[in-house]
Structures are given as C-alpha cells and as structure tokens.
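Q: Dumping the structure here so I can ask a few things about it.
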Amino acid sequence: MEKYQIWIALGILGLFVVSAMADDVVVLTEENFENEVGKDRGALVEFYAPWCGHCKKLAPEFEKLGATFKKTKSVLVGKVDCDEHKSLCSKFGVSGYPTIQWFPKGSLEPKKYEGERTAESLVEFVNNEGGTNVKVATVPSSVVVLTPENFDEVILDETKDVLVEFYAPWCGHCKNLAPTYEKVATAFKLEEHVVIANLDADKYRDLAEKYGISGFPTLKFFPKSNKAGEEYEGGRDLEGFVSFINEKSGTNRNENGQLTSKAGIVENLDALVKEFVAANNKEKKAVFARIEEEVEKLKGSDARHGKIYLKAAKNYLEKGSDYAKNEIQRLQRILDKSISAAKADELTLKKNILSSFA
C-alpha cells in the first residue's frame, strides 16, 4: 500500500502541474483584450473556433507555448474563441482558423505568424519577436503509466473507472493514437473516479497475455463494477473516447475537458425547482422544504450538487427572482477570465444549477 500511496501522491502532484500548464494560455475576450494586449508586454494570440480540426490539433502545442513563457513577464500567450467573440476577431482581420498573430509591446497592430504550428517553431518566433531566449517547456503526461508494481492497485480499485491502452513502442497505430489518447487523459484529469492509463504490452507480456491481448493497440475498460474488464468498442477519435467515458462513468465533459451544461444537474431537484419558481411566495416555502428533504437523500456527487441547489433556492427566497439571472452573469464574467480548470469547474456547476432558477 505504501507504494500505491506514493503513486497516488505523485499522480495528484502531476495533475496540478498539468492543470497549471493548461491555464498558462490566457483566455481573451472582448472585455479584457485591450487590458491584456498592447500594453507593457508582447503577446502571441491564437484566434480559433472550438469546432475547427486544425485548432484542436494545435491546442497541445499552444499549451506548451503557454507553459514555456509562464514566468516570462515580457510575453503573454493568449487565445480568443471567435465563435464567442466574432467582432473582436473581425477587428483583427481573422477570416480562417486558427490565425496566430503577434502584438508587439505597446501596439495593437499585429503581425501574422506564418510558421509551422509546433511548440518549437512558435517559441523560436516569440523569442525573435520578443527579444527573449526561452527553451520549450516539457508538459507532463496525464496518462497513468502502468507496470507490474502498480497494475492491480490501479485496475482493481473499485472506486475508479479505468480505461487501459495495451500498446507496443514499435507499433505504428499506437504511435498514431498517442496524441489523441493524451488529449483524452487531459480532458478527464479532474475526474477523481476516472483513470486513463496505458501499459507497454511488449515489455510486460505476462500481463498482456493474462488479459488476452494479441494485437496493438488494444483498449480495455475496467469499470467499478467489472474488474475482469470489457473490450472498448467506441471510436478511436477524441469525440468517440469522450462520449464513451461520459456514458460509462456518468461524467459530463467536452473534448476540451470543460464541463458541459448537463454537469451538476439532478433531475429530481430540477423538477422541484420548476415548481419552486412557478409557486407564489407562500407556496415557495413549502416547495423549499421538499427540496431540503430531497437533498438529504442524495449521495456522492449528487449530494454535493444538492447543496448548491439548496443554497440557490435559499438565496432566491431572500433576494428575489432576479437573483439567479444576476448571479449567472457574475459567474460568466469570472469564467471569461483566465482561471484555473478546477475553479472553472466549480463555477460552471453553479452556473448550470442556477440556470434552472432563471
């Protein structure tokens, strides 16, 4: 158990490191753009669209770029969602995605980046334009590496749903899958009960044979309820993996690892909230009492979400019907800023639940 505890500690430490690095790219909006760009530091900005395939491919390279210049005060690395902020993207002549532009210190007149879309090329460009001399940072993997020493502790943990890729280092299909699999691990890195792992099945053949592995890559899913494992039969693109994990594990993540609008929603409470909102002031107190009773019955993550419902209902009673709308707007303003992934999760859960009261 001591080795397992050490492994868990290292895993948690790695999670925080990766989370921090993912947040090193500043989220720019119409509200904060001119406060961040064109001031006392140069800025490299990616203008992207969430549905754009080339943007998704660029994302891990741009995260490396953000991590690389994290401690460099003279350079900002930022990104703009052009679906959300169309006028801002139009202002700077963006017509295709991704468009990468360099804004010199004190200027809002950009220079378009025309180089290769790799972290190495981007860093070289920023060093040349910004007068810096920084080397590319290494971003730790979010995939849990399995060995004979930790395999059983990870796989047989009945509090975890575990997806395992059995691979061989020389396998071409495995190499092609690797960047997508890393994105899957990154998308679910904040889900405590989900583990994305891999095993070098060429090096540890006894383990591979134990689970009937005869080709590479082979993916097996070990849910909490079935530690014998089951074949993964979903798609091998990011969307396929994310849909599979969401369905099997009850999570609500999108391909970027952000919580979807379904996260935090408890159906029974949502039905009561509809009654609560529609009721007159006298009836509201009676429905509030029923919400309290329902929340007391909840367990696990639903119990945590139930407390958010209860607090929202209490504030609604005390502050009036505009409370939910005003609070949603306040939370969105914070979400539009550059905040940690964990904080974004917390605020998104509150925003989703408050939407039932709005």
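The values are calculated or read from the model by the stated rules, or taken from the named source; none is laboratory data. These figures come from a predicted structure and were not determined experimentally. Cβ sites come from the backbone with ideal geometry, for glycine too, and all protein chains shown count toward neighbours. Surface areas here come from the heavy atoms of the whole protein model, side chains and all, with no ligands, DNA or RNA. Shrake-Rupley method; radii C 1.70, N 1.55, O 1.52, S 1.80 Å.
Q: Can you pull the percent of the chain's accessible area that's carbon plus sulfur, 1.4 Å probe, other chains left in place?
A: On the way: 9380 of 19160 Å².
Accessible surface attributable to carbon and sulfur in the chain totals 49 percent.
Q: DSSP loop chymotrypsin sites (Phe, Trp or Tyr not before Pro) in the stretch 157-217 with at most 10 other Cβ atoms within 10 Å of their Cβ, which ones? Could the numbers behind the result be given before it?
A: Values: sites: PHE166, TYR167, TRP170, TYR181, PHE188, TYR204, TYR211; in loops: TRP170, PHE188, TYR204, TYR211.
Within the stretch 157-217, the qualifying chymotrypsin sites (Phe, Trp or Tyr not before Pro) (loop, at most 10 other Cβ atoms within 10 Å) are TRP170.
Q: With labels modelled as points extended 7 Å from the Cα through the Cβ direction, what inter-label distance (nm, one decimal) is found for LYS282 paired with SER214?
A: 7.4 nm
Q: Continuing with the same structure: Counting Lys +1, Arg +1, Asp -1, Glu -1, what net charge surrounds LEU88 among other residues with beta carbon under 10 Å of its beta carbon? If you can, show how the numbers build up before the last one.
A: Details: positive: LYS86, LYS91; negative: GLU30, GLU31, GLU34, ASP81, GLU84.
Cβ neighbours under 10 Å give a net charge of -3.
Q: Let me ask something else about it. Per residue, what accessible area does the chain have, given a 1.4 Å probe and all protein chains present, in Å²? Mind dumping the intermediate values first?
A: Working: 19160 Å² over 358 residues.
Result: 54 Å² per residue.
Q: Quote the charge dipole size of the stretch 143-264 about the Cα centre in Debye, to the nearest 20; the model charges only the Cβ of Lys and Arg (+1) and of Asp and Glu (-1). Display every interim value, and only then the final one.
A: Numbers: 14 positive and 21 negative charges, 45 e Å.
Dipole size: approximately 220 debye.
Q: Among SER356, LEU331, VAL277, whose Cα sits farthest toward the positive end of the charge dipole of the stretch 271-358 (+1 at Cβ of Lys/Arg, -1 at Cβ of Asp/Glu, about the Cα centre)?
A: LEU331
Q: Within the stretch 283-297, find all residues whose amide N lies under 17 Å from a label point positioned 7 Å from the Cα of GLU318 along Cα-to-beta-carbon.
A: Label zone hits: 285, 288-289, 292.
Q: Please get the size of the charge dipole for the chain, origin at its Cα centre, with Cβ charges of +1 on Lys and Arg and -1 on Asp and Glu, quoted in debye to the nearest 20.
A: Numbers: 50 positive and 56 negative charges, 205 e Å.
The dipole of the chain has a size of about 980 debye.
Q: Counting only helical runs of four or more DSSP H residues, what would the 222 nm mean residue ellipticity of the chain come to if each run contributes -39,500 (n - 2.57) and the total is spread over all its residues?
A: Numbers: 14 runs with 174 residues, N = 358.
Computed mean residue ellipticity for the chain: -15000 deg cm²/dmol.
Q: Suppose R0 equals 45 Å; then what is the FRET efficiency for TRP170 and LYS337 from their Cβ-Cβ distance, rounded to the nearest 0.05? Could the numbers behind the result be given before it?
A: Working: r = 45 Å, r/R0 = 1.01.
FRET efficiency, TRP170 to LYS337: 0.50.
Q: Summing +1 for each Lys or Arg and -1 for each Asp or Glu, what net charge is found among the other residues whose Cβ lies under 15 Å from the Cβ of ALA286? If you can, show how the numbers build up before the last one.
A: Working: positive: LYS274, LYS282, LYS284, LYS285, ARG290, LYS314; negative: GLU275, GLU283, GLU292, GLU293, GLU294.
Summing Lys/Arg as +1 and Asp/Glu as -1 gives +1.
Q: Counting GluC sites (Glu not before Pro) as exposed when in a DSSP loop with at most 15 other beta carbons within 10 Å, what is the longest stretch of the chain free of them?
A: Values: sites that count: GLU30, GLU31, GLU84, GLU114, GLU116, GLU149, GLU158, GLU192, GLU233.
My reading of the result: 234-358 is the longest stretch.
Q: How many nm separate the modelled label positions at THR118 and GLU153, each set 7 Å beyond the Cα in the direction of the Cβ?
A: Going by the 7 Å Cα→Cβ label model, 3.7 nm.
Q: Structure shown: which of LYS56/LYS337; LYS189/LYS262; LYS91/LYS262 lie over 26 Å apart, alpha-carbon to alpha-carbon? Walk me through the numbers before you get to the answer.
A: Values: LYS56/LYS337 21 Å; LYS189/LYS262 18 Å; LYS91/LYS262 34 Å.
Those over the limit are LYS91/LYS262.
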